[in-house]
Amino acid sequence: MNAVENGSVNNMEDPLWPRISDLLTADQNASVALIGVPAHETSISPTNAHTTPAAVRFALKKYSTYSWTYDTDVSQFNIYDAPDVDSPDHAEGEQRVFTAMETLRSKTVIAIGGDNSITYSVAKGLWGDRIATAGLVTVDAHHDLRDGKSNGSPVQRLIESGLPGKNIAQIGIADFSNSPAYARRAREHQITVIPRDAVKLDHLQDIVQRALSVAGADGGPIHVDIDVDVCDRSVVPACPAAAPGGLSAQELRKLVYLFGSDPRVGSIDFTEVDAQADSADARTVRLVAVCIAEFLAGVQNR
């Protein structure tokens, strides 16, 4: 395999090998937007997740615009590369996220965290006064139903802001990664839980449709939260809360494609990656980057 086929740069550019990074543009009229939300200050565990948006943008250079599996070339897309939200933590920072999301509501939005606290501000900012009919799907090992404000509380905060618990589906909830109290809270909120053990590669289409039926029950906008620590720890060394036995990279990629292919999904986020803690081969950051490509392929094939 030569350098061009492998997608490596090596000071060589091939006009026949377009990259996902080539799709990024300053054109605010693009139908898709990519925005970094580098929150990290309220994380339960110390993290440098604020370094991840820049790392993911760089990793987009590693991937071409073509999917052999779906015979899909996503080079038709222009992606508005929106400015990252400055200091998105705390109340003032979240208000900046709300303001940024208001300008992006007409687009398909891809948000790169930052820790998982961004799911609250990104989703709430995109939904606005539609939150009572909105829906949320989380692909996450954790319920994120803690009290207060942290990367462990975005789902609880959205519910407190008016999101109906019955419009939430959680895929990949892991054993020994949640407390009995928060499991009870999930049941009390009427959240649909699809645990890790139920996620099988050949059943992902059915799982996604079940989750979207729950999230779309009231016909409102749907946001998908991808907490990358849902994956097996060997796959995502840059996710401090990842446990052995999580999703495979292939399962995550397929899920993201399927969510992108459904027109009910208006936005997606990728969170809980600390780029500075990644392995030497940057496998976690590169997984996020290729998931963005998968999402775009799904959007094109709607």
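Read the figures in this text as sums done on the coordinates, not as results from a lab. Please read all numbers here as calculations on a predicted model, not as lab measurements.
In table form, for the structure just shown:
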{"item": "Residue-wise HN-Hα coupling along region 159-168, computed from phi with Karplus coefficients 6.51, -1.76, 1.60 (Hz; x: Gly, Pro)", "result": "4, 5, 8, x, 6, x, x, 5, 9, 10"}
{"item": "Full-stretch length increase - Lys166, Gln250 - with 0.36 nm per residue and alpha-carbon distance subtracted", "result": "27.4 nm"}
{"item": "For region 78-136: rounded, prolate or oblate by the Cα gyration tensor [a/c cutoff 1.5]", "result": "oblate"}
{"item": "Shape category assigned to region 1-148 from the gyration tensor of Cα positions, a/c cut at 1.5", "result": "prolate"}
{"item": "The chain: antiparallel DSSP beta bridges as a percent of all, rounded to 5", "result": "10 percent"}
{"item": "Cross-link partners of Lys200 among lysines (Cα-Cα below 27 Å; sequence separation of 8 or more within a chain)", "result": "Lys166, Lys254"}
{"item": "Span from the region 25-48 Cα centroid across to the region 192-245 one, whole angstrom", "result": "20 Å"}
{"item": "Span-like helix ranges in the chain, DSSP H, alpha carbon extent 24 angstrom or more, Kyte mean at least -1.0", "result": "283-300"}
{"item": "For Gln170, distant residues with modelled amide H under 5 Å away", "result": "Thr138, Thr192, Val193, Ile194"}
